[in-house]
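The values are calculated or read from the model by the stated rules, or taken from the named source; none is laboratory data. Note that the structure is predicted; figures quoted are calculated from it, not measured. Every residue, glycine among them, receives a Cβ derived from its backbone with ideal geometry; neighbour counts consider all protein chains shown. For accessibility, only protein heavy atoms count, side chains too; no ligands or nucleic acids. Shrake-Rupley method; radii C 1.70, N 1.55, O 1.52, S 1.80 Å.
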Amino acid sequence: MYRHSTWYRRPRERKPVREEFRENAVYILDYMPYGNPLDRYREYRAKPVAQAIGVNHFTLLEVEPYPGVELLVGERIDLGRESKVRRVIGRISYEDLTSTARDNLEGVVKNIVLENERVFVEFFNKAGPINIRLHSLELLPGVGKKTMKLILEERKRKPFKSLQEIQERVKLSEPAKTVVDRILIELRGEDKYYLFVKPSRRVLESGGVVYLGYLEKLRHL
């Protein structure tokens, strides 16, 4: 069950959402119906606001609902003409999330992964080496050299069709959780490599990170 916010944390900064970070839909992580009293922007100190995550690139966002519209934590909302969201305020980082949003993050990310199971299964089928010493599959928590080699052998024999099949054929416990845990690592900025989450332009321009962009590549396929 998702938690609802009881206190609020002042975001460090809001960044405008550029075209490359556009999301077609979001999941609500935290809804603050009375606004954030500590917000640096006066209009959002007493105005409904929500924190959300995008379904395409796992972009963390802050959004404003239409007047009189209540957003539910865990709710999926399309960002189209019939949306409950009036506008996307801006992109936020993991550090900007309220404690409630952080508590709800893992469950929401898992929903997104399961909704897009076919895409993540194809990651196991298509993932390649990053360099001569490191393979993309090894970035997944719990996947070492031995498991990585077994995945490569099994997918060569026959492509995987589901996460359940991956679990059965390579004895990888809970592949969905493995993917979710990797996405959380990337959202927290704990590794230089980004398999799934699209870093902000500021992070990319700062250097020292590598965006592999597997979701974009696999969706094109």
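Below, the figures for the structure above:
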| item | result |
| --- | --- |
| Simple Cβ-charge dipole of the chain, Lys/Arg +1 and Asp/Glu -1, about Cα centre, in debye nearest 20 | 520 |
| Overall Cα dimensions of region 81-176, principal axis frame, Å, largest first | 49, 29, 22 |
| Heavy atoms of LYS145: accessible area, 1.4 Å probe, square angstrom to 10 | 100 |
| Matching label, percent of Cα pairs over 30 Å apart computed from the structure shown, candidates [x] 27; [y] 43; [z] 17 | [x] |
| Sequence of ILE92, ILE130 from largest to smallest accessible area, 1.4 Å probe | ILE130, ILE92 |
| Unit charges at the beta carbon, dipole of the chain: most positive-side option, VAL170, ILE132, VAL109 | ILE132 |
| Distance between modelled label sites at LYS158 and LYS145, nm, 7 Å Cα→Cβ extension | 3.0 |
| Of the trypsin sites (Lys or Arg not before Pro) in region 26-117, those whose Cβ has at most 14 other Cβ within 10 Å and which sit in DSSP loop | ARG40, ARG81 |
